[in-house]
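No lab work stands behind these numbers, since they all come straight from the coordinates. None of the values given here were measured: they were computed from a predicted structure. Cβ placement follows ideal geometry from the backbone for every residue including glycine, while neighbour counts extend to all protein chains displayed.
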Amino acid sequence: AAEFPIIISTWNNVKANEAAWAMVQKTGRALDAVEAGAWVPEADPNEITVGYGGLPDRDGHVTLDACIMDEKGNAGSVTFLEGIMHPISVARAVMEKTPHVMLSGEGALQFALSQGFKKQNLLTESSKKAWLKWKKESKYEPKVNIERHDTIGLLALGTKGEVSGACTTSGMAYKMHGRVGDSPVIGAAVFCDDEVGGACATGLGEFVLKTLGSFLIVELMRNGHTPQQACEAAIMRIVKRYNYKEFQIGYLAVNKKGEYGAYSIQKGFSYTLTKEGVTKVYESDYYMK
Ligand code: SD4
């Protein structure tokens, strides 16, 4: 028998999953659940890779990427957005209230303000301090897992078994000003198709972009892969072509039966799963053993 509702998210995001679960109990909708889950790290000043408290780019700007996709194939996204606490909700508004999929930078901010979102300073004292310290050497070295990677990607099946996904991040710490990663790109960080299931990604976004990982995973599941096999195949695409030892990518996938999978390049990728109201964190299997 199919198992849903179900919530799965990247890294250790227990509170986010609990919020997503509470929401799916309330409205039944996977879309509401993934949005509610994303709000948790977005508003948390101690989460240094998402929203408020996120580490800035090399010029000291906290710039946000987010996307959301529902079971009907609707999608919305914001990139390079500054000063808004909940970019995932701006992405949802782009999806629901505009004829577009993606709004960027100043235009995304103007749209958010027109929708009643408030502009805030998202750079906390401690993230500013970390940036000023980094600036002394100014070396951009994304490190495997140690940045307390908690860009959140979430997948959910709602009470009708419908699939939705979301992703939100402040991107790689000390990136170039204007850099946009995989997180707001539909097909890269998130993809859902209600005939098949969904997938989401975290890690060094350039390699998710170059291989369009989430789209690939959903297509592999469509062609008969289990969620686990599909995540492994998507990691193998990266491993075959790139210098994978230098970085981390983690994928999650769920199919319409509520079966799920997780796989990463390196040790250290965890994910959070909620089924029947119980939330647990697991270590993902990985390639580099
Ligand atoms: C990015 N994929 O901006 C994001 C970073 C990330 O955990 O996932 N961090 O490339």
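Points worth noting:
- Residues whose placed amide H lies under 5 Å from that of GLY60, excluding near-sequence neighbours: none
- Eigen-decomposition of the gyration tensor built on the alpha-carbon atoms of the stretch 55-198 gives equivalent ellipsoid semi-axes of 28, 18, 12 angstrom, largest listed first.
- Relative contact order of the stretch 28-165: 33 percent, from C-alpha pairs under 8 Å at least 6 residues apart in sequence.
- Mean separation of Cα pairs under 8 Å and 6 or more residues apart, divided by the residue count, gives the stretch 95-229 a relative contact order of 16 percent.
- Hull volume in cubic angstrom per residue (convex hull over the Cα atoms of the chain): 113
- The relative contact order of the chain comes to 23 percent, based on Cα pairs under 8 Å that sit 6 or more residues apart.
- Label separation (LYS245 vs GLN229): 3.1 nm, computed from points 7 Å beyond Cα along the C-beta direction.
- Estimated from helices alone, the mean residue ellipticity of the chain at 222 nm is -10000 deg cm²/dmol (sum of -39500 (n - 2.57) over DSSP H runs with n ≥ 4, per residue).
- Antiparallel DSSP beta bridges within the stretch 32-120, as percent of all bridges there, nearest 5: 65
- Rg to Rh quotient for the stretch 9-120, alpha carbon positions, Kirkwood Rh: 0.96
- Each residue of the stretch 44-61 was assigned a 3J(HN,Hα) from its phi angle through the Karplus expression (A = 6.51, B = -1.76, C = 1.60, θ = phi - 60°), giving 8, x, 8, 8, 8, 10, 9, x, 4, x, x, 5, x, 6, 5, 9, x, 9 Hz with x at Gly and Pro.
- Using the Karplus relation 6.51 cos²θ - 1.76 cosθ + 1.60 with θ = phi - 60°, the per-residue 3J(HN,Hα) values for the stretch 28-34 come to x, 8, 4, 4, 5, 5, 5 Hz, with x marking Gly and Pro.
- The alpha carbons of the stretch 141-262 occupy a box of 42, 29, 22 Å along the principal axes, longest dimension given first.
- Convex hull volume per residue, computed on the Cα atoms of the stretch 240-284, equals 71 Å³.
- Cα centroid separation - the stretch 78-145 against the stretch 253-277, whole Å: 27
- Legend: calculated FRET efficiency, MET236 to GLU259, from the Cβ-Cβ distance at R0 = 22 Å, rounded to 0.05, equals 0.65.
- Structure remark: mean-square fluctuation, Gaussian network model of the chain, C-alpha springs under 10 Å; the largest value among GLY165, GLY54, GLY73 belongs to GLY73.
- Residues in the stretch 16-46 reached by a label modelled at GLU3 [backbone nitrogen below 16 Å; 7 Å Cα→Cβ]: none
- Label-point separation, ALA130 to GLU206 (7 Å along Cα→Cβ), nm: 2.1
- Computing FRET efficiency as 1/(1 + (r/R0)^6) for LYS119 and LYS97, where r is the C-beta to C-beta distance and R0 is 25 Å, gives about 0.85.
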